[in-house]
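The structure appears right after this line, and notes come after that.
The values are calculated or read from the model by the stated rules, or taken from the named source; none is laboratory data. Everything numeric here is computed off the predicted structure, so don't read it as measured data. Cβ atoms come from the backbone with ideal geometry, glycine included; neighbour counts cover every protein chain shown. The protein model used for the area step is the full one, side chains on, heavy atoms only, and it has no ligands, DNA or RNA in it. Shrake-Rupley method; radii C 1.70, N 1.55, O 1.52, S 1.80 Å.
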Amino acid sequence: MAIEYLKRGKSDADRAEDDAKTRAVVEATLKDIETRGDAAVRELSEKFDNYSPASFRLSQDEIDDLIAQLSDRELADIKFAQEQVMNFARAQRASMTDIEVETLPGVILGHKNIPVQSVGCYVPGGKFPMVASAHMSVATASVAGVPRIIACTPPFQGKPNPAVIAAMHLGGAHEIYVMGGIQAIGAMALGTETIDPVHMLVGPGNAFVAEAKRQLFGRVGIDLFAGPTETMVIADETVDAEICATDLLGQAEHGYNSPAVLVTNSRKLAEETLSEVDRLLGILPTADTARVSWQDYGEVILCDSYDEMLQVADEIASEHVQVMTDRDDWFLDNMTCYGALFLGPRTNVSNGDKVIGTNHTLPTKKAGRYTGGLWVGKFLKTHSYQKILTDEAATLIGEYGSRLCLLEGFVGHAEQCNVRVRRYGGINVPYGAPAPYRDAAE
């Protein structure tokens with residue numbers, strides 16, 4: 001094996017140090033929000049966003065006024081994108097059915113898919129107004145049937161962003177708050193004097209938002225750990241450097257810590273992509289951000305074979321994986337660890353981010369090894385139930401249950417079974433004794 005790094009980003013140790021600093025800040029901030037509620041939220045909003053309205057929650061009149069600021073074209077585009085997301089979410093929801101089966105005569109088992117009862121959706125927007133993120137969280141929760149959906153987004157340039165608010169409202173948010181960062185996550189999860197806490201938090205965000213969700217997990221549910229954007233391009237000589245460099249920098253502009261990785265088996269493409277990145281950074285309007293991400297987190301990895309490319313890709317488990325090779329479907333069939341795949345040069349990560357219909361809230365920091373992204377199923381809880389309809393079934397299951405409980409030493413458990421055996425089967429089982437053995441076929 002000969003995997004060669006033509007460019008490396010920050011070391012794992014440096015990244016871990018950054019994470020440790022973030023953890024400490026978030027822990028102290030959440031404690032302050034839990035202790036002082038609205039007062040702490042307002043202080044944080046003033047400090048980080050220079051924003052302190054009479055109420056952080058928007059009234060219906062304020063929402064209507066903001067939506068009215070959009071052009072007909074802007075509103076139509078938002079509705080089009082939202083409909084694509086909801087169409088796919090509806091199809092996914094239809095695939096999740098309640099079931100009920102009779103596993104033995106008189107024994108009924110089933111499950112029901114029940115929506116989470118309240119969800120807090122975070123929509124980033126301090127640096128870029130992330131209109132599409134409202135579709136991914138709010139609209140998808142709405143398709144799932146969540147009865148209380150609240151949404152938070154930071155002010156953009158000192159005031160609510162009309163497009164983001166429109167997307168939240170049209171997507172089905174019941175409460176909309178203009179607040180960002182740790183204060184928004186903390187307020188939704190912990191509650192304040194004016195905000196009732198939610199059962200679940202969803203949505204992407206910066207490192208502080210992701211860490212806040214991590215620390216609150218357990219107290220509330222979360223969708224996944226969605227930290228700074230990650231992108232990977234898997235490419236061979238079927239594509240050129242311009243498209244590879246564009247796809248790398250198109251995501252690196254998200255923030256100063258957005259990993260962008262090229263994995264290729266072509267030294268020529270690797271070297272030309274490095275040169276093309278430099279050229280594009282000279283003309284890209286967001287180059288100030290993208291350049292820092294590329295410098296600190298950009299990587300170019302040269303492999304000998306497609307098998308090595310696959311191995312590297314699964315080890316990194318990137319959030320977005322753009323595959324442009326002569327065997328895209330082979331990667332689809334064989335990759336196991338990623339957020340979402342974008343197959344072929346005709347598609348790209350921006351399609352998924354903004355309009356095509358798949359959800360763009362995806363696992364980062366290798367979380368793709370154990371979870372997929374946000375989807376309608378994340379807002380549903382699958383709860384089982386059971387019932388026994390006949391005396392014969394109650395006796396049969398009770399006998400097996402009695403003996404298996406005693407096998408583990410649980411006498412009280414066994415007696416729950418034994419009382420049914422006595423009552424419904426007419427079989428006298430002394431307290432603490434195992435029920436007699438009878439084959440199920442009898």
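Once every DSSP H run of n ≥ 4 in the chain is given -39500 (n - 2.57) and the sum is divided by its residues, what mean residue ellipticity at 222 nm do you get, rounded to the nearest 500 deg cm²/dmol?
Computed mean residue ellipticity for the chain: -14000 deg cm²/dmol.
What figure in square angstrom, to the nearest 10, would you give for the accessible area of Asp72 with a 1.4 Å probe?
Probe radius 1.4 Å; accessible area of Asp72 about 130 Å².
Where Lys and Arg each count +1 and Asp and Glu each count -1, what net charge lies around Lys387 among other residues with Cβ under 12 Å from its Cβ?
Taking every Cβ under 12 Å from that of Lys387, the sum is -2.
What percent do you get for the relative contact order of segment 330-428 when only Cα pairs under 8 Å and 6+ apart count? Intermediate values should be presented prior to the final figure.
Details: 79 pairs, mean separation 18.6, N = 99.
Over segment 330-428, the number comes to 19 percent.
Please compute the modelled spin-label separation between Lys112 and Trp330, points set 7 Å along Cα→Cβ, answer in nm with one decimal.
My value for the distance between the label points is 5.0 nm.
On C-alpha positions alone, give me the angle between the axis of helix 181-190 and the longest principal axis of the chain, in degrees, nearest 10.
With rounding to tens, the tilt is 10 degrees.
Keeping the other protein chains in place, figure out the carbon and sulfur percent of the accessible area of the chain, with a 1.4 Å probe.
Roughly 52 percent, rounded to a whole number.
Per residue, how much accessible area does segment 257-325 have with a 1.4 Å probe, in Å²?
It amounts to 36 Å² per residue over segment 257-325.
Stretch Ser71-Thr35 to full length: gain in nm at 0.36 nm per residue minus the Cα-Cα span?
Numbers: separation 36, 0.36 × 36 = 12.96 nm, distance 4.30 nm.
Once the chain is fully extended between Ser71 and Thr35, it gains 8.7 nm.
Tell me, what is the FRET efficiency for Arg15 and Ala94 to the nearest 0.05, using R0 = 45 angstrom and their Cβ-Cβ distance as r? Write out the running numbers ahead of the final one.
Values: r = 41 Å, r/R0 = 0.91.
With a Förster radius of 45 Å, E is 0.65.
As a test question: what accessible area, to the nearest 10 Å², does Trp294 have when a 1.4 Å probe is rolled over all protein chains in place?
The accessible area comes out at roughly 20 Å².
Once amide H atoms are placed 1.01 Å from N in the peptide plane, what residues at a sequence separation of 5 or more from Phe56, or on another chain, have their amide H within under 5 Å of its amide H?
Placed amide hydrogens put nothing under 5 Å from Phe56.
Could you please report the charge total around Met86, scoring K, R as +1 and D, E as -1 over all other residues with beta-carbon less than 11 angstrom from its beta-carbon? Mind dumping the intermediate values first?
Details: positive: Lys79, Arg90, Arg93; negative: Glu83.
Neighbourhood net charge equals +2.
Taking R0 as 22 Å, what's the FRET efficiency between Glu83 and Asn351 from their Cβ-Cβ distance, rounded to 0.05?
Working: r = 15 Å, r/R0 = 0.69.
With a Förster radius of 22 Å, E is 0.90.
What residues qualify as long-range amide H neighbours of Val263, i.e. H under 5 Å apart, gap of 5 or more or another chain, H built at 1.01 Å from N?
Val233, Ile234, Ala235, Ile301
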